[in-house]
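The values are calculated or read from the model by the stated rules, or taken from the named source; none is laboratory data. Keep in mind that this is a model prediction, so the values were computed, not measured. Here the Cβ positions follow ideal geometry from the backbone for every residue, glycine too, while neighbour counts run over all protein chains shown.
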Amino acid sequence: MPHRRGKGKLSASMEDYLETIYFRDLEGHRAKVKNIADSMGVSKPSVTEALSVLRERGLVHHQKYGDIVLTAKGRREADYIYRKHRMFKRLFCDVLGVPEDQGEEDACKVEHLVSDSTVERVDNFLDFMDNGQKNGDFKLDFLEFLQTKS
């Protein structure tokens, strides 16, 4: 899991650009400045500016008018962002019963705000919900389950 807290952390906006490039790749589409601008509802100059930041951080390869390609580092970072998004959407929708569209919107917001330790704890909680309950005492079961993760 990338450790991104502190000075080197990407802004929420930069994470959104990275995630959008990642989604296009997952869907088998080429990432170009125009498609990213259209997907995100921003101007092409905004995308170009963001790409400059992402390129400086070693997260993307891009030459003027060319495809945007994630570097290995960029793919790891984008995969982590996407994993957080899916995890929080699952927590909101499947566990808390939040409607799908609201869960999607909220997951997109929360994925940028939480610490890595909170991400790990929520991930463990969801794993526990799937596999860990045994004593009937929810809190006790969860705390015991966490001990198996250490």
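Data table
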| quantity | calculated |
| --- | --- |
| Residue in region 8-17 that is buried (at least 17 other Cβ atoms within 10 Å of the Cβ), out of contact with any Ser or Thr (no Cβ under 7 Å at 6 or more places or on another chain) and modelled with pLDDT under 95 present | yes |
| Helices (runs of 4 or more DSSP H) wholly inside region 45-150 that include at least 2 residues being under 15 Å from E15 (Cα atoms) and in contact with a helix residue (DSSP H, G or I) (Cβ under 7 Å, 6 or more places away or on another chain) | 72-90, 100-110 |
| Qualifying residue in region 24-40 (condition: closer than 30 Å to L126 by Cα, under 20 Å from the mean Cα position of the chain (by Cα) and assigned to a loop (DSSP other than H, G, I, E, B)) | yes |
| Yes/no for I68 being buried (at least 17 other Cβ atoms within 10 Å of the Cβ), more than 23 Å from L113 (Cα to Cα), hydrophobic (A, V, I, L, M, F, W, C) and not assigned by TED's automatic domain parsing to the domain that holds V110 | yes |
| Of residues in region 27-39 being crowded, with 17+ Cβ neighbours inside 10 Å and not polar (S, T, N, Q), the one nearest to T71 (Cα to Cα) | A31 |
| Failed criterion for V42 (all others in (1) modelled with pLDDT of 95 or more; (2) of a type outside the set (D, E, K, R); (3) in contact with a strand residue (DSSP E or B) (Cβ under 9 Å, 6 or more places away or on another chain); (4) buried (at least 17 other Cβ atoms within 10 Å of the Cβ) hold) | (3) |
| Hits in region 87-132 - residues which are of a type in the set (K, R) and closer than 26 Å to S150 by Cβ | R90, R121 |
